[in-house]
Amino acid sequence: MSTTARIHPAASTVLSSTIKHHLLRPPPNAVVFRTNPNSVRRRGAIRTLTVAAAAPFEVCAKASVTVPNKLGDCPFCQRVLLTLEEKNLPYDLKLVDLANKPEWFLKINPEGKVPVINLNEKWVADSDVITQALEEKYPDPPLAAPPEKASVGSKIFSTFIGFLKSKDPKDGTEQALLNELISFNDYLKENGPFINGKEVSAVDFSLGPKLYHLEIALGHFKDWSVPDSLPYVKSYMKSIFSLDSFVKTSALKEDVIAGWRPKVLG
């Protein structure tokens, strides 16, 4: 299963016209959704694009398991899409059914993992590598944060997973998560509202999707939410989740729940 979503054009890329490239493309009968190519909304303001329309990046991402032709629940895919959206870069979204990976996808990425993007005629995997490459090639608007801020909040996701999978309320996994959230709350109090200060950055686009999963999964499976005693974390999550780019690229709540269910029940 593959679906193509055409997103607003804004920067130049050149896609291959070779026979080999076309053999690796998804089937030509994919559904195409088009959006307004003349303007984009970023952080609450309309920005009119003055550059010429160009061929979009091809991006493979997880497909929804609950609704046809919708983006799935991969936070790493969302990180890449957030970067493209915030940099106003055009992309064609190829939605991949990871439970039944199509042959064309396995040809371009034998490991069968997402996200994958076509950069300079080469298919590149790993959200770390992809977002760094995009930042280096398209530095405007800048999303990079100082190296010392790259690890802020980096342990929240792993402690969230530990708590989510835990079946023993006394094993300390909840407190481990709380400790990381308290540390993050203290950091935001002194340095916020975002990790790099007043503007969102690449670090936020890495952490934000993971916090989105945390909120939905823990709320559903454990009836748990971020405590009111951590107001800066709660405000941060609200701000990130309300970004136009985040709303556009976020998974359905039902997909997030379905994605974590096997890990919780297993």
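The table that follows gives values for the structure above.
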quantity: Residue within segment 128-141 that is touching a Gly at 6+ places or on another chain (Cβ under 9 Å), of a type outside the set (A, V, I, L, M, F, W, C), more than 23 Å from D244 (Cα to Cα) and open to solvent by 70 Å² or more (accessible area, probe 1.4 Å) present; calculated: no
quantity: Flag for L214 being more than 21 Å from V67 (Cα to Cα) and buried (at least 19 other Cβ atoms within 10 Å of the Cβ); calculated: yes
quantity: L211 vs. criteria more than 20 Å from A61 (Cα to Cα), within 20 Å of the chain's Cα centre (by Cα) and part of a helix (DSSP H, G or I); calculated: no
quantity: G162 part of a helix (DSSP H, G or I), touching a Leu at 6+ places or on another chain (Cβ under 8 Å), among the small types (G, A, S) and buried (at least 21 other Cβ atoms within 10 Å of the Cβ); calculated: no
quantity: Hits in segment 239-264 - residues which are among the basic types (K, R) and at pLDDT 95 or above; calculated: K248, K253, R261
quantity: Residue identified as over 30 Å from A133 (Cα atoms), modelled with pLDDT under 95 and surrounded by fewer than 20 Cβ atoms within 10 Å (Cβ to Cβ) among P169, P227; calculated: P169
quantity: Complete set of residues in segment 54-75 that are among the hydrophobic types (A, V, I, L, M, F, W, C) and at pLDDT 95 or above; calculated: F57, V59, C60, A61, A63, V65, V67, L71, C74
quantity: Residues being within 12 Å of the chain's Cα centre (by Cα), surrounded by fewer than 18 Cβ atoms within 10 Å (Cβ to Cβ) and outside any helix (DSSP H, G or I) - total across segment 235-250; calculated: 0
quantity: Where a residue in segment 251-266 is assigned to a helix (DSSP H, G or I) and its partner, wherever it lies, is aliphatic (A, V, I, L, M) and open to solvent by 80 Å² or more (accessible area, probe 1.4 Å), with Cβ under 9 Å and at least six apart; calculated: E254/V65; D255/V65; A258/V65; G259/V65
quantity: Strands (runs of 3 or more DSSP E) fully within segment 57-122 counting 3 or more residues that are surrounded by fewer than 16 Cβ atoms within 10 Å (Cβ to Cβ); calculated: none
quantity: Options D128, D171: the member that is under 19 Å from the mean Cα position of the chain (by Cα) and without any contact (Cβ under 8 Å) to a residue 40 or more places away in the chain; calculated: D128
quantity: Residue match in segment 131-145 (condition: closer than 18 Å to L214 by Cβ, in contact with a Leu (Cβ under 7 Å, 6 or more places away or on another chain) and not in a loop (DSSP other than H, G, I, E, B)); calculated: no
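The values are calculated or read from the model by the stated rules, or taken from the named source; none is laboratory data. Since we're looking at a predicted model, the values are computed, not measured. Please note: Cβ atoms are built from the backbone with ideal geometry, for glycine as well, and neighbour counts cover all protein chains shown. The protein model used for the area step is the full one, side chains on, heavy atoms only, and it has no ligands, DNA or RNA in it. Shrake-Rupley method; radii C 1.70, N 1.55, O 1.52, S 1.80 Å.
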